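Peer 1: Quick one: the structure is below, and I'll ask about it shortly.
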Amino acid sequence: IPSNKYLIEDSLLFNPLFLEPIDNQLIEGYFQSENYFLEIKELLLAQFRLTEKLSSYSLNVLGEMHKSSVTASLHVRRGDYLSTTNIQYHGCCSLEYYHCAMRALQENYGKVRYFVFSDDIVWVKEHLEIENAFYVEHPSEHLEHEDIYLMSQCHHHIIANSSFSWWGA
């Protein structure tokens, strides 16, 4: 592919070149800046609606969220990020990162109810001490689209370095 037909995002910072690609130009990246989507925000929000009813488990989680005056989603991504290739590229957020973020929320908002999402919830429970936590653990099939929806319903977010976290927030 000729270089003028291929545009690769080389950082997570907003790059206006991606807003006006050349005809038939292939673009690749994570696009984790709201600036890419501001003009179509309402359209995107309308399209990112659930078309099926939430599972009974997710409805229960949503009910727990509504009982709390200040909520925060907390997402820990491990899984594929632990592979040799991905850990060099992405890395995993440190336990100190999560502790620091929780301290900042508590200093600013008082008592926070944390809704914890992870692809390794057992590890999170063993290694990350979270006061006032609700661990989101689907009893049967894991429904990722429902997790993103549930994350979006929280007031605040402590995200991993992950597109999944970013879109949920």
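The values are calculated or read from the model by the stated rules, or taken from the named source; none is laboratory data. Source: prediction; values computed, not measured. Note that each Cβ is placed from the backbone with ideal geometry, even for glycine, and that neighbours are counted across all protein chains shown. Ligands, DNA and RNA are stripped out before the accessible areas are found, and what is left, the full protein with its side chains, is counted by its heavy atoms. Shrake-Rupley method; radii C 1.70, N 1.55, O 1.52, S 1.80 Å.
Peer 1: Please give the length that would be gained between N35 and E64 if that part of the chain were fully extended, namely 0.36 nm times their separation in residues minus their C-alpha to C-alpha distance (nm, one decimal).
Peer 2: 7.2 nm
Peer 1: Rounded to two decimals, what is the ratio between the C-alpha radius of gyration of the range 1-55 and 2.2 N^0.38 Å?
Peer 2: For the range 1-55, the normalised Cα radius of gyration comes out at 1.46.
Peer 1: In nm, to one decimal, how far is the modelled label at S152 from the one at L50, with both set 7 Å along Cα→Cβ?
Peer 2: Between S152 and L50, the label points sit 1.1 nm apart.
Peer 1: Let me ask something else about it. About the Cα centre, and with charges only on the beta carbon of Lys, Arg (+1) and Asp, Glu (-1), how big is the dipole of the chain? Nearest 20 debye, please.
Peer 2: 420 debye
Peer 1: Taking R0 as 25 Å, what FRET efficiency do you get between E144 and W123 from their Cβ-Cβ distance, rounded to the nearest 0.05?
Peer 2: 0.85
Peer 1: Can you give the extra length, in nm with one decimal, that the chain gains between D10 and A104 once fully stretched, where that is 0.36 nm per residue apart less the Cα-Cα distance?
Peer 2: Fully extending the segment from D10 to A104 adds 30.8 nm.
Peer 1: Let me ask something else. Kindly sort C93, C100 by accessible area of their heavy atoms, largest first, with the probe set to 1.4 Å.
Peer 2: C100, C93
Peer 1: Just the number please: accessible area per residue for the range 1-82, 1.4 Å probe, all protein chains included, in Å².
Peer 2: 72 Å²
Peer 1: S140 accessible area, nearest 10 Å², 1.4 Å probe?
Peer 2: My reading of the accessible area for S140 is about 100 Å².
Peer 1: If you average the sequence gap of Cα pairs under 8 Å that are 6 or more apart and divide by the length of the range 1-55, what percent do you get for the contact order?
Peer 2: Across the range 1-55, relative contact order equals 34 percent.
Peer 1: For K125, what accessible surface area do you get with a 1.4 Å probe? Give it in Å², rounded to 10.
Peer 2: Approximately 100 Å² of K125 is accessible to the 1.4 Å probe.
Peer 1: Roughly what percent of Cα-Cα pairs across the range 92-169 reach past 22 Å?
Peer 2: Pairs farther apart than 22 Å: 19 percent.
Peer 1: Using +1 at the C-beta of Lys and Arg and -1 at the C-beta of Asp and Glu, which of S163, P21, L105 has the Cα lying farthest in the positive direction of the dipole of the chain?
Peer 2: Checked the options; the winner is L105.
Peer 1: Same structure again: Enter the per residue convex hull volume of the chain, computed from alpha-carbon coordinates, in Å³ rounded to the nearest integer.
Peer 2: For the chain, the hull spanned by Cα atoms encloses 162 Å³ per residue.
Peer 1: Another question, then. What is the gain in length, in nm to one decimal, between D23 and S94 on full extension, counting 0.36 nm per residue of separation less the C-alpha to C-alpha distance?
Peer 2: Extending this stretch completely gives an extra 21.4 nm.
Peer 1: Right, here's the next one. Return the single residue from S33, S118, S152 with maximal mean-square fluctuation; model: Gaussian network over the chain, springs between Cα atoms under 10 Å.
Peer 2: Residue with maximal mean-square fluctuation among S33, S118, S152: S33.
Peer 1: For the range 63-73, in order, what is each residue's ³J(HN,Hα) by Karplus, 6.51 cos²θ - 1.76 cosθ + 1.60 with θ = phi - 60°, in whole Hz (x at glycine and Pro)?
Peer 2: Ordered by residue, 3J(HN,Hα) equals x, 5, 4, 5, 7, 10, 7, 10, 10, 9, 7 Hz.
Peer 1: OK, next. Within the chain, which is the longest segment containing none of the GluC sites (Glu not before Pro) that sit in a DSSP loop and have at most 16 other Cβ atoms within 10 Å?
Peer 2: 53-128
Peer 1: When all protein chains stay in place, what accessible area (Å², nearest 10, 1.4 Å probe) is found for H99?
Peer 2: Approximately 60 Å² for this residue.
Peer 1: Counting only protein heavy atoms, what percent of the accessible surface of the chain is carbon or sulfur at a 1.4 Å probe?
Peer 2: 53 percent
Peer 1: Something else about it: Calculate one ³J(HN,Hα) per residue across the range 144-157 by plugging θ = phi - 60° into the Karplus curve 6.51 cos²θ - 1.76 cosθ + 1.60, and present them in order as whole Hz with x for glycine and proline.
Peer 2: In residue order, the calculated couplings are 4, 5, 6, 4, 4, 4, 4, 4, 5, 8, 7, 6, 9, 9 Hz.
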